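Accompanying notes for the structure given below.
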Amino acid sequence: MGFAPEVFAAMTPAEFCYAWLGWAHREERIARQAWERERWSVWVLTSLQLDRKDRRPMCEMFPLPWENVPSREIHEPTMQERMERATEMKRCIRK
């Protein structure tokens with residue numbers, strides 16, 4: 001965090017917690033910015049090589065974990081499908 005030893009020694013635990021939270025937030029922002037720059041450059045280079053019909057938005061091609069990208073709808077299996085899957089798994093078990 002870059003404190004001089006005498007500054008660190010003079011801090012209360014609460015002051016240290018607030019300083020650490022601010023430092024961690026700053027480091028996270030720096031990391032996110034680096035990832036977003038890298039994603040942009042990869043997206044540009046990828047888009048240059050794709051046909052226009054195959055190009056997708058950057059957030060769709062290369063989603064980042066902190067983005068709220070609407071995910072595709074997850075198929076919830078029916079009871080019949082679950083029973084069939086369980087039967088398949090039972091057949092794989094050797095006694």
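Each value in this text was obtained by applying a stated rule to the coordinates, not by laboratory testing. This structure is a prediction, so every number in the text was calculated from the model and none was measured. Please note: Cβ atoms are built from the backbone with ideal geometry, for glycine as well, and neighbour counts cover all protein chains shown.
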Have a look at Ala4, Met61, Met89 and report the one farthest towards the positive end of the charge dipole of the chain, computed about the Cα centre with Cβ charges (Lys/Arg +1, Asp/Glu -1).
Met89
If you fit an axis through the alpha-carbon atoms of helix 13-49 and take the longest principal axis of the Cα set of the chain, what angle between them do you get, 0 to 90°, nearest 10?
50 degrees
With each pseudo-label sitting 7 Å past Cα toward Cβ, what's the Ser47-Arg26 distance in nm, one decimal?
3.3 nm
Could you give the length gained by full extension between Gln33 and Trp66, i.e. 0.36 nm per residue of separation minus their alpha carbon distance, to one decimal place?
10.7 nm
Putting +1 on Lys and Arg Cβ atoms and -1 on Asp and Glu Cβ atoms, find which of Tyr18, Gln33, Gln49 reaches farthest to the positive end of the dipole of region 1-66.
Gln49
With the chain treated as a Gaussian network of Cα nodes joined by springs under 10 Å, which of Arg32, Arg56, Arg85 yields the largest mean-square fluctuation?
Arg85
So how strong a dipole does region 1-66 carry about its Cα centre when Lys and Arg Cβ are +1 and Asp and Glu Cβ are -1, to the nearest 20 debye?
440 debye
If all Cα-Cα distances of the chain are sorted into 10 Å bins from 0 onward, what percent lands in each bin, rounded to whole numbers?
11, 20, 16, 18, 20, 11, 4
